[in-house]
Amino acid sequence: MVLCSVVVTLVLSVQVMYLFLHTVKGTPFETPDQGKARLLTHWEQMDYGVQFTSSRKFLTISPIVLYILASFYTKYDATHFLVNTGSLLSVLLPKLPQFHGVRIFGINKY
């Protein structure tokens, strides 16, 4: 029971983070940027696009810490380890500076 709950916690938190930071575009309020923010995700707008700020570091390290804890509590079981690794990579890769403004296969382009 604990194994499943730890993995579900990691996967859900990672997917919610991906949804809110890397798929939702625009801003929930009026901005004075002449509409430039409507084409950027929340991650790309954060800290005016400056990489490696304290808030970005925190949002990058938090899924890694959850991954380490989930792997430890599942005793590095192969099935859980693959699920945990896949979910971690799905949220860490979009955070890399090389993917700033990149839309894979044109998904979420407009």
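The values are calculated or read from the model by the stated rules, or taken from the named source; none is laboratory data. Bear in mind that the values here come from a model prediction, so they are computed numbers and not experimental data. Neighbour counts are summed over all protein chains in view; Cβ atoms, including those assigned to glycine, are modelled from backbone coordinates with ideal geometry. Ligands, DNA and RNA are excluded from the accessible area calculation, which covers all protein heavy atoms including side chains. Shrake-Rupley method; radii C 1.70, N 1.55, O 1.52, S 1.80 Å.
Hey, any hits in the range 33-49 for a residue that's open to solvent by 80 Å² or more (accessible area, probe 1.4 Å) and within 15 Å of the chain's Cα centre (by Cα)?
Taking every residue of the range 33-49 in turn, none turns out to be open to solvent by 80 Å² or more (accessible area, probe 1.4 Å) and within 15 Å of the chain's Cα centre (by Cα).
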**Complete:** Those residues of the range 67-89 which are open to solvent by less than 60 Å² (accessible area, probe 1.4 Å) and of a type in the set (A, V, I, L, M) amount to 70, 88
**Item:** Out of 95, 25, 75, sole residue that is out of contact with any His (no Cβ under 9 Å at 6 or more places or on another chain) and of a type in the set (Lys, Arg)
**Value:** 75
**Residue pairs meeting the criteria (Cβ under 7 Å; at least 6 apart or on separate chains; first free of Cβ contacts under 8 Å to residues at least 24 places away in the same chain and among the aromatic types (Phe, Trp, Tyr), in the range 16-34; second in a helix (DSSP H, G or I) and open to solvent by less than 100 Å² (accessible area, probe 1.4 Å))** = 20/42
**Message:** Is it the case, given these coordinates, that residue 16 is closer than 25 Å to residue 81 by Cα, over 11 Å from the mean Cα position of the chain (by Cα), of a type in the set (A, V, I, L, M) and surrounded by 11 or more Cβ atoms within 10 Å (Cβ to Cβ)?
**Reply:** no
**Request:** Say whether the condition of being more than 11 Å from the chain's Cα centre (by Cα) and of a type in the set (Lys, Arg) is met by at least one residue in the range 82-98.
**Result:** no
